[in-house]
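One structure is given below, encoded as structure tokens.
The values are calculated or read from the model by the stated rules, or taken from the named source; none is laboratory data. Predicted model only: the values in this text are computed from it and were never measured. When we count neighbours, we look across all protein chains shown, and the Cβ atoms used for this are built from the backbone with ideal geometry, even at glycine. Keep in mind that these areas ignore ligands, DNA and RNA; they rest on the heavy atoms of the full protein, side chains included. Shrake-Rupley method; radii C 1.70, N 1.55, O 1.52, S 1.80 Å.
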Amino acid sequence: MSQKKIIPFINAENEYPANVIKLAERYSCEGADALFLYNYTGDDSSREEFLSTARQIEKEIDIPFIIGIYIERFEDAKKALYTGAEQVVIRKALLPEEKVLEEITERFGRDKLAIEVDMKADFQSADQLNAFYDKGIGSAVLKHIDTTASFEQTIDNTKMRVMVRDGLIRNDLGDILSYENVVAVSTNYFEEKDIYKAKKALKDRGIDVALFESLIDFSDFKLLDNGLIPVVVQDYRTSEVLMVAYMNQESYEKTLETGRMTYYSRSRQELWLKGETSGHFQYVKSLMLDCDNDTILAKVRQVGAACHTGHRSCFFQELAKKDYVETNPLHVLMEDYDVILERKAHPKEGSYTNYLFDKGIDKILKKCGEEATEIVIAAKNPDAEELKYEIADFLYHMMVLMVECGLDWNDITKELVNRR
């Protein structure tokens, strides 16, 4: 059985996009398993603004999200899923025409589509829910439930995976998640509450939820004479080394409990929650122990600067350096992209990149097409050397196109991850 999830919902109707994005970021950092974003407004301008907000959120968060939106045409569902959403939710009262629903399910499959049902206004039996399943809808979002015998019978006999949506946290949260077909509870209760604390209570009840749990006991760590263990801290996306600090057992356990890096300050002789005064928290993504059990590697999401001087990393003072050729694919592509982006913002006389930008999208597309054709021709040659050059040419022109269209490498790599 898969882990049960707590999925905060965010109502984006009549809300400033900046507020929605900020709340989504916070939930992503503070223990949410996924997000449910919705705006069922029917007018095109509101829908487009919401989709734009969802695309911005997808760039900022590192947890899945589902999107509830008014669907009238197949293209509406396509646009919603192309924001990076894991699933589209359609309200039962706003279901599109049968042929549109068929087109959506045929193109994307049942796992990408859910139906939201208000149980108080329109009670659904298992047979009624299963009729939607037979039409190609894989999941149900049930709100205003009443945990009576009839609800239990419905849940036990539906083919659908169920997410229960509740405006406030319920005393029977654990009971709801105990149903085999209930995969998640969606609520706005945790906007100002501790999700990890709620998960700990669920775990104590025997419900499988995602928590930070140490696979090796702290007593098995090899500590320094002062009872501390050094921690090397990296940015989880770029692997940039941010800082080195120390933990004792209490700070290690606090880190696991809260999901925020907590150290032991040797100078103050007390626990130190990173970011408590500056707001520059470090949210845990993973903790690893080295082969000698004497150093922890922490990969984190860093808010703001890691260093007290205001630098992103504490390691900014160069001691010695030998020039070398950087060949890490991620670094090379991102650095080349940044050069192209700089050319777009600050044109340089005689620059071929600026020539392409000046000519516009049609010229850039023409060059991308030409370079793609050159790849096909070069690939027929048994010598891969020519192919190497043509691929490099294509990648350059493709990055020019990305800059022109407002995409970056994070957009591309996230989309590749979403397709796994």
So L215, is it among the aliphatic types (A, V, I, L, M), surrounded by fewer than 18 Cβ atoms within 10 Å (Cβ to Cβ), free of Cβ contacts under 8 Å to residues at least 40 places away in the same chain and not in a helix (DSSP H, G or I): yes
Can you name every residue in region 378-411 that is surrounded by 11 or more Cβ atoms within 10 Å (Cβ to Cβ), closer than 21 Å to G84 by Cβ and hydrophobic (A, V, I, L, M, F, W, C)? M398, M399, L401, M402, V403, L407, W409
Under the condition of being more than 27 Å from R26 (Cβ to Cβ) and not charged (D, E, K, R), which residue from region 65-89 is most open to solvent (accessible area, probe 1.4 Å)? F74
2 or more residues under 30 Å from L256 (Cα atoms), in contact with a Ser or Thr (Cβ under 7 Å, 6 or more places away or on another chain) and among the aromatic types (F, W, Y): qualifying helices (runs of 4 or more DSSP H) within region 292-405: none
I need the full set of residues from region 330-354 which are under 17 Å from D393 (Cβ atoms) and open to solvent by 90 Å² or more (accessible area, probe 1.4 Å), in order please. Y352
What do you reckon, is Q302 under 30 Å from the mean Cα position of the chain (by Cα), under 30 Å from S251 (Cβ atoms) and either in contact (Cβ under 8 Å) with a residue 12 or more places away in the chain or open to solvent by 70 Å² or more (accessible area, probe 1.4 Å) (or both)? yes
Just checking, does region 170-183 include any residue being out of contact with any strand residue (DSSP E or B) (no Cβ under 9 Å at 6 or more places or on another chain), polar (S, T, N, Q), outside any helix (DSSP H, G or I) and at pLDDT below 95? yes
For region 60-68, check the following and say yes or no: at least one residue is assigned to a loop (DSSP other than H, G, I, E, B), over 28 Å from R237 (Cα atoms) and of a type outside the set (S, T, Y). no
Which residue pairs have Cβ atoms under 7 Å apart, sit 6 or more places apart or on different chains, and have a first residue in region 126-147 that is touching a residue at least 24 places away in the same chain (Cβ under 8 Å) and closer than 17 Å to S178 by Cα and a second that is of a type in the set (D, E, K, R) and assigned to a helix (DSSP H, G or I)? T147/D175
